[in-house]
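For reference, the structure is listed below as structure tokens.
The values are calculated or read from the model by the stated rules, or taken from the named source; none is laboratory data. Values in this document were obtained by computation on a predicted structure and should not be read as measured data. Positions of Cβ are generated from backbone atoms using ideal geometry, with glycine treated the same way; all protein chains shown enter the neighbour counts.
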Amino acid sequence: MVDLKIPFGRDDKMRLSIPNENFLGELRPKEVPEQDELAVINSSLDEPLGVESLESFLEGGKDVVFILNDGTRPTPTAKVLQAMSHRVDLSKFRYLIATGTHRGPNEEELHFIFGGVLDKVRDRIHVHDSKKDNCIHLGRSKNGTDMEVNEMAVNADRLVIITSVEPHYFAGYTGGRKSFLPGVASYKTITQNHRLAMRKEAHVLGLEGNPVHEDMIDALRSVQGKKIFSVQLVMDRHQHVYKAASGDLFKAFDRAVEWANEVFVVDLEQKADMVISVAPYPMDVDLYQSQKAIDNAKFAVKPGGVVLLVSKCRQGVGEEVFCQQLSASKDPHVILDNLQREYRLGYQKAAKVAEIMTYADICAVTCLDEDLLRRANIKPFFDVQSAVDTFLARHPDAKVIVMMDGSVTVPRVV
């Protein structure tokens, strides 16, 4: 027997035993050398790419705005701020939380984002609200998206962007330009941008020809000339800092993408009949965010197989429209047809899931209502072991793969 401990939420584990003959393997981001996190961050700040030092960059700034990821992202922003606090006075600047369309961070998440500097900067924090904040129209992208961005970011004379880079299921990768759009864009802009995710060119690891990525680049080019300093982190499989690229946003992003591929793209010799894909904390915030773990599992599952999502979904479903669309029919082809008729934000996730449902079953271990999952054509299980036992009872020769960090692990069959 192969005995495993499956993460569930922040601290909980579920035990799983799989017969040796059924276990095909465990997929994780690659193991890379452990680093001194602050040393990595400080080294990148000491040698920024394509721009002056952070201290010189900030000198003379009258309105400096830091754009930071929200609490649903694993970015260790607090460590970057800790390193910066020894170089500059952080209390002089303003902080814009890039929520996109997510809710604002709670107190626990604020401590996660800011760490030891929270009390010093608390009164200088603004949480972006895509529906209520005043956003300035910067023109239209080549794909026709109205580029409306929070005035706080547009009017600042200096921007400092702290983010992390990992594979993303339709933007290609997170990080860099994504902090600007959708991070601090209007709801209208985000909706128009995410509609492009319905196109086949919008996929994980894809940048060239990806219309979602192109929109993000166009938004940044519309404020060309604005001084921007970025810190872009790549995490290892233990969510510790592996590499950091600072300085010019585009140069740092390109460097971080190379490092992200080193960690998150995992070679696979053959696909499995069942793929268990875990959305670990904090990516398990809700079903909407956990969808990324389902999407990555599609690269490892055989046609006719099963994808088993494991995610606590601590705050419920997330975007209601996501489940509503998946509940519209028992036939995934009908769901896909419905989604093509009219677009609303969240449809892109439903479309990606429905596409998988055309050739594989989807099950889930969550804290969500079981009837809600069934209506969305997702079969619920109380725990991982019962799901695996049920599957193997019907398919005794089946092969099983476990993806311990399914939200960011991208299998690649070689």
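Points to keep in mind about this one:
- Qualifying residue in region 401-412 (condition: surrounded by fewer than 17 Cβ atoms within 10 Å (Cβ to Cβ), assigned to a helix (DSSP H, G or I) and of a type in the set (D, E, K, R)): no
This table checks each residue for (1) charged (D, E, K, R); (2) out of contact with any Ser or Thr (no Cβ under 9 Å at 6 or more places or on another chain).
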| position | (1), (2) |
| --- | --- |
| Asp157 | yes, yes |
| Glu166 | yes, no |
| Arg177 | yes, yes |
| Leu205 | no, yes |
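- For region 351-359, the criterion of being surrounded by 24 or more Cβ atoms within 10 Å (Cβ to Cβ), out of contact with any Ser or Thr (no Cβ under 8 Å at 6 or more places or on another chain) and within 13 Å of Leu326 (Cα to Cα) is met by at least one residue.
- Which numbered condition Arg73 misses (of (1) in a loop (DSSP other than H, G, I, E, B); (2) among the charged types (D, E, K, R); (3) surrounded by fewer than 14 Cβ atoms within 10 Å (Cβ to Cβ)): (3)
- When region 199-217 is filtered for residues that are under 19 Å from Lys292 (Cα atoms), modelled with pLDDT under 95 and either polar (S, T, N, Q) or not in a loop (DSSP other than H, G, I, E, B) (or both), nothing remains.
- From the list Phe381, Phe391, the lone residue that is out of contact with any His (no Cβ under 9 Å at 6 or more places or on another chain) and under 17 Å from Pro7 (Cβ atoms) is Phe381.
- Residues being within 30 Å of Val40 (Cβ to Cβ), without any contact (Cβ under 8 Å) to a residue 40 or more places away in the chain and within 19 Å of the chain's Cα centre (by Cα) are represented in region 255-277 by at least one member.
- When residues in region 85-100 are screened for being part of a loop (DSSP other than H, G, I, E, B) and buried (at least 19 other Cβ atoms within 10 Å of the Cβ), 3 of them pass.
- Count of region 372-383 residues, restricted to those that are in contact (Cβ under 8 Å) with a residue 24 or more places away in the chain and more than 29 Å from Leu205 (Cα to Cα), is 4.
- Filtering region 171-191 to residues that are touching a residue at least 40 places away in the same chain (Cβ under 8 Å) and more than 20 Å from Asn134 (Cβ to Cβ) leaves Ala171, Gly172, Tyr173, Thr174, Gly175, Gly176, Arg177.
- Restricting region 203-220 to residues that are hydrophobic (A, V, I, L, M, F, W, C) and out of contact with any strand residue (DSSP E or B) (no Cβ under 9 Å at 6 or more places or on another chain), the residue that is surrounded by the most Cβ atoms within 10 Å (Cβ to Cβ): Met216
- Within region 280-300, the set of residues being of a type outside the set (S, T, N, Q) and either over 19 Å from the mean Cα position of the chain (by Cα) or not in a loop (DSSP other than H, G, I, E, B) (or both) comprises Leu287, Tyr288, Lys292, Ala293, Ile294, Asp295, Ala297, Ala300.
- Checking each residue in region 101-111 for being in contact with a strand residue (DSSP E or B) (Cβ under 7 Å, 6 or more places away or on another chain) and surrounded by fewer than 21 Cβ atoms within 10 Å (Cβ to Cβ) picks out only Gly104.
- Members of region 135-170 found to be of a type in the set (A, V, I, L, M, F, W, C), touching a residue at least 24 places away in the same chain (Cβ under 8 Å) and in a strand (DSSP E or B), listed by number: Cys135, Leu138, Met147, Val149, Leu159, Val160, Ile161, Ile162
- Criterion applied to Pro303, Pro396, Pro380 was being touching a Phe, Trp or Tyr at 6+ places or on another chain (Cβ under 6 Å), assigned by TED's automatic domain parsing to the domain that holds Tyr288 and over 26 Å from Pro211 (Cβ atoms), and the one residue passing it is Pro303.
- Region 363-375, subset buried (at least 23 other Cβ atoms within 10 Å of the Cβ) and either over 21 Å from the mean Cα position of the chain (by Cα) or of a type in the set (A, V, I, L, M) (or both), residue nearest to Val275 (Cα to Cα): Ala364
- If only residues of region 221-235 that are in a loop (DSSP other than H, G, I, E, B), of a type outside the set (A, V, I, L, M) and touching a residue at least 24 places away in the same chain (Cβ under 8 Å) are counted, the one that is surrounded by the most Cβ atoms within 10 Å (Cβ to Cβ) is Ser222.
So that you can scan it fast, the table gives a plain yes or no per residue for (1) at negative phi; (2) in contact with a Pro (Cβ under 9 Å, 6 or more places away or on another chain); (3) not in a strand (DSSP E or B):
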site	(1), (2), (3)
Arg237	yes, yes, yes
Ala245	yes, yes, no
Phe250	yes, no, yes
Arg255	yes, no, yes
Val263	yes, yes, yes
Asp267	yes, yes, no
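- Subset of region 218-248 (residues that are over 17 Å from Gln35 (Cβ atoms) and at pLDDT 95 or above): Ile228, Phe229, Ser230, Gly247, Asp248
- Restricting Ile67, Ile41 to those that are modelled with pLDDT of 95 or more, assigned to a strand (DSSP E or B) and either within 26 Å of Pro167 (Cβ to Cβ) or not assigned by TED's automatic domain parsing to the domain that holds Glu166 (or both) reduces the list to Ile67.
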